[in-house]
1. As a test of the formula, what do you get for the chain when each DSSP H run with n ≥ 4 contributes -39,500 (n - 2.57) and the sum is divided by the residue count, at 222 nm and rounded to the nearest 500 deg cm²/dmol?
2. Going by the alpha-carbon gyration tensor, a ≥ b ≥ c the square roots of its eigenvalues, is the chain rounded (a/c under 1.5) or, if a/c is not under 1.5, prolate (a/b greater than b/c) versus oblate?
3. Got a sec to turn the phi values of the range 94-111 into Karplus ³J(HN,Hα) couplings, 6.51 cos²θ - 1.76 cosθ + 1.60 with θ = phi - 60°, whole Hz, x for Gly and Pro?
4. For the chain, modelled as a Gaussian network with Cα springs under 10 Å, which listed residue fluctuates most, Ser57, Ser72, Ser93?
5. Go through Ala107, Val83, Gly56 and say which Cα lies farthest out towards the positive end of the charge dipole of the chain; charges sit on Cβ, +1 for Lys and Arg, -1 for Asp and Glu.
Amino acid sequence: IMSAMWLHQLYFVFGFLFVVLIILVATCAEITIVMCYFQLCNEDYNWWWRSFLSAGSSGGYLFLYSVWYYASKLDIQGFVPTVLYFAYMGMVSVTFFLLTGSIGFFACLWFVRKIYAAIKVD
């Protein structure tokens, strides 16, 4: 995908990309639900921001990967193209952070509502 964006190579396998998106959504939701469950088992009920940040941390990984990609694969010369590359990748990373964080938060919200709805109060 990074080659398609920065090296002007066409990416024709959109069906495969859609399957990867579905796997990303499922992984973010499952990891956040497990982390939230462990947090609730330890009687720490401040799960709101932690659920957002645990799934959204993949945006930081994406930015670190873009730094590695810049250093190893790209041959960008000059200050302005470098600033443009990191500005665009920063925006993509923040957007990815918000997307995956929102997926994690809403999955955790659904999970918490589901488990607390099952509690019978006598």
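1. Values: 5 runs with 96 residues, N = 122.
It lands at -27000 deg cm²/dmol.
2. On the way: a/c = 3.96, a/b = 2.27, b/c = 1.74.
Prolate, because a/c is 1.5 or more and a/b exceeds b/c.
3. Here the 3J(HN,Hα) series is 5, 5, 5, 4, 5, 5, 5, x, 5, 4, x, 5, 5, 5, 5, 4, 4, 5 Hz.
4. Result: Ser72 has the largest fluctuation of those listed.
5. So the residue we want is Ala107.
Rule-based calculations on the coordinates, nothing more; no lab input. This structure is a prediction, so every number in the text was calculated from the model and none was measured. For neighbour counting, all protein chains shown are included, and Cβ atoms are generated from backbone atoms with ideal geometry for every residue, glycine included.
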